Structures are given as C-alpha cells and as structure tokens.
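Data first, discussion second: the structure below is written as structure tokens.
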Amino acid sequence: MEFGNLAQQVYDLANSDDPLSKPVKEALQVIEECLNDYGPQHVSLSFNGGKDCTVLLHLYVAALARRLSQPAELPPIPAIYIAVPSPFPVLETFIDQATKDYNLDLYYCRPPNDGDDMILPPVNGESGQGRYTSAEKAKVNHGMKQALEVYKSRFPDIQAILVGTRRTDPHGASLSYRNMTDSGWPRYVRVNPIINWSYSDVWNYLRKLKVPYCSLYDEGYTSLGSTYNTLPNPALLVPPYRTPDNRDVSVASPIIATERKPPVADAAKVPRTFETSPLPNYSVPLTTYMSTPTPSYRPAYELHDGSLERLGRVRTMGVSNA
C-alpha cells in the first residue's frame, strides 16, 4: 500500500467542496491533536474489522503518513482487537488482511468463553446500557475490563485509544471527542474522531476512496457483532418478483406488471390488462433471488435510513462499534 498516496487522497478530500469534506476535516483534526498531545508511540487504535473502525484506521494512517518524511514506510501501528465470542470467520480474515496492509501491531484480546457481545468501558458515569440488567452489565464490563487490564500491563506506554464510536451508537449520545475511562478501569483517554459521522458518511467515505472493507457488508449485514446475535438487516431483504404470467423479472427489464381487473360482471370476456411500476435497481438479476429459497439482501451501503442500522442485531448484552 502506498501510504503517501493514501494521505494525499484523504487530505485532498478534506480540502475539497465535497459534502464529506467537513466530517473528514473534523476527524483529521481530532486525530492530529491527539498525536500532538500524546505522540504516536502512546496512541493505540481499537480495531475490530467493522465499517466504522475501518474508516478510522484509514483516516489514522493518512494522518500518520502526513507527519512522516518518508510515508511509504510506516512504523508498526499499535492497535488492539477485543474479540466478541464466536466472531465471524470472514471478519477475522479481513482483520488479518488489514493488519498486513496497514502494518498494524495488533494485539488480540479474547473474551471469556461464556461471555457475549462486549463494549468499550463506560465513561464519565455513562454506560449506555440502561436497557440491560445490572447482572448483564457486570458480566460485560468484567470481560472488557479484564481485556484492557491485560493490554495495559503488556503496553503500559499507551495512554490514548482511538475508537470508531459514532453519536448514533447506543452508547455514543453523550460522548465528546475525548473521554477518560471511569474510576476503577485501566486509565485511558478514549478518542472519538468520527463521533459526529452519520451512517451515510461512513459508506460514502469507504466507497469514494475505495477503502477495502469486510465482505459481510455486501451480504446485507449493517452492524457486526457475534454470530450469536448478528443477522442480515431485514430492511435490505430482496423480495422475489414475478409477472402475472409467471415470467422472471431481471434488472435488464426492471418493470413489474400487476393485473388490473375490470369491475364488470363477466370479467372473462374482457381483455386482460396490466399496470406497470418500476422495480428497485438492484445490482444483481432478480432471477437469482427467484431461483433459490435462500433469502438475498442488498449491500449495506444501500440502506438509506441510518436509524435502521442495527435492525439485524438480536438483543444482546452489549453493542459493538461495527
């Protein structure tokens, strides 16, 4: 990967007239101030392979490369991966590839075997977990706290962790650009560069700059957690379509016909007529969906209502930044 070109593309976008320029410029400023205050050797990145932290990783690498005289050779980047129980294999494959591509010094923290989907620690008294019981929250927090304690003991020089939390996350509404972890937790400054980004901002950035992301998002997943609690988003489900004479309708002919029955007593004597209406412009032929009982889903970037982002998440003991 050519890190100099990556940085140039990102900073050109930040200084352009593109609607994305404002959130990109804001995120870069937060990252740059963090690097100025702590230094790259004292900053780590929380990376779990989700779309949000993939955006953050790309932005962070751009900021690091910008600071170096020879951006083609980035030093290893400290990072931490706190895995959920039963992670998607394809997600971990993506994490491995991203680790190589971006030269991450990634430390893997595995959860307890009986744990469930976990979150980053609460900050300033705001856990964001009000809909869960005290026992559930205690179990989640114990696993996350334990992972961060191990990381602190292994890498005591790390003072700040970049996190891909956004304002619309269940636990992100009250966060700022920087938040210190609560008393009793390993002492870290949590830095949230994309806190004000929307769901559409994330996907516009990934697609505009052609940033590689986990392939699960192309299969209808919009928020990734454990295999125990993550399903494709039902808002992206593609229904099967057929014409009244049982013909398949494909993208090449994106019209569906609906029979219009005449209000007469002897309808059999009246010629059959049909009204037509356009179908959504799906990226694959609809015959694919008609020929198999397996449900098919549109990709995550076609979800236009960001409030439905977690519609595919089953109730769990926590939330992830994906």
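The values are calculated or read from the model by the stated rules, or taken from the named source; none is laboratory data. These numbers were taken from a predicted model, which means no experiment stands behind them. Glycine gets a Cβ as well: all are built from the backbone with ideal geometry, and neighbour counts include every protein chain shown. Please note that ligands, DNA and RNA were not included when accessible areas were found on the heavy atoms of the full protein model with its side chains. Shrake-Rupley method; radii C 1.70, N 1.55, O 1.52, S 1.80 Å.
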- Among (1) modelled with pLDDT of 85 or more; (2) within 22 Å of LEU45 (Cβ to Cβ); (3) open to solvent by less than 60 Å² (accessible area, probe 1.4 Å), ASP96 falls short only on (3)
- Checking THR243 against (1) open to solvent by less than 30 Å² (accessible area, probe 1.4 Å); (2) modelled with pLDDT of 95 or more, which single condition isn't satisfied? (2)
- Message: Considering only segment 154-173, I want to know if a residue exists there that is buried (at least 19 other Cβ atoms within 10 Å of the Cβ) and assigned to a helix (DSSP H, G or I).
- Response: no
- Lone qualifier among ASN124, ASN113 - being on the phi > 0 side of the Ramachandran plot and at pLDDT below 95: ASN124
- Item | Candidates PRO19, PRO23, filtered to the one that is open to solvent by 10 Å² or more (accessible area, probe 1.4 Å), touching a helix residue (DSSP H, G or I) at 6+ places or on another chain (Cβ under 6 Å) and under 22 Å from LYS210 (Cα atoms) | PRO23
- Note on the structure: Taking segment 174-204 and keeping only residues that are in a loop (DSSP other than H, G, I, E, B) and of a type in the set (Ser, Thr, Tyr), one is left with SER174, SER176, TYR177, SER183, TYR188, SER198
- Go through segment 174-225 residue by residue and tally those that are of a type in the set (Asp, Glu) and open to solvent by less than 50 Å² (accessible area, probe 1.4 Å). 2
- Message: So for segment 140-151 (the condition being open to solvent by 70 Å² or more (accessible area, probe 1.4 Å), outside any strand (DSSP E or B), among the polar types (S, T, N, Q) and at pLDDT below 50), does at least one residue qualify?
- Response: no
- Message: Among the residues that make up segment 44-63, is at least one of them free of Cβ contacts under 8 Å to residues at least 60 places away in the same chain, more than 21 Å from TYR151 (Cβ to Cβ) and open to solvent by 20 Å² or more (accessible area, probe 1.4 Å)?
- Response: no
